[in-house]
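Heads up: the structure comes next, in structure tokens.
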Amino acid sequence: MRPHSFRLSLLALLCATALSAVAQTRPADLQPLPEPPPPPPGLIDSALEPQVTIIKRGEDRVEEFRMGGKLYMIKVTPPHGTPYYLIDPKGDGGFVRQDLGDKSLSVPMWVIRSF
């Protein structure tokens with residue numbers, strides 16, 4: 001046995017022994033964490049939640065996503081094949097198709113508040 005491989009074997013044995021010793025020193029009285037409290041009233045604005053409408057068009061399942069009554073995204077799920085999205089990137093009603101496997105860069109553009 002060469003000295004280099006002997007050192008690696010010894011190092012691996014020492015690491016395994018140290019890890020097993022650390023694993024055995026856990027406290028036995030672990031308790032689960034309590035549930036987090038609900039958010040204060042008025043913090044969640046229901047107007048910012050999207051409205052989803054599910055429609056059957058022929059064999060396709062169409063999900064329309066609206067925010068503040070404005071349609072911004074459509075998900076089309078055909079019975080055979082992968083779902084695809086129609087997204088309105090500028091908010092002007094011009095929808096662009098985006099497949100699930102599409103790796104193009106999509107910059108997030110959310111409306112936080114409008115006045």
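Just so it is clear, none of the values below were taken in a lab; they were calculated from the coordinates. Just so it is clear, the structure is predicted and the values come from calculations on it, not from any experiment. Neighbour counts are summed over all protein chains in view; Cβ atoms, including those assigned to glycine, are modelled from backbone coordinates with ideal geometry.
A Förster distance of 25 Å, applied to the separation of the beta-carbon atoms of LEU48 and LYS90, puts the FRET efficiency at 0.80.
Counting only Cβ charges, +1 for Lys and Arg and -1 for Asp and Glu, the dipole size of the stretch 46-99 around its Cα centre is about 60 debye.
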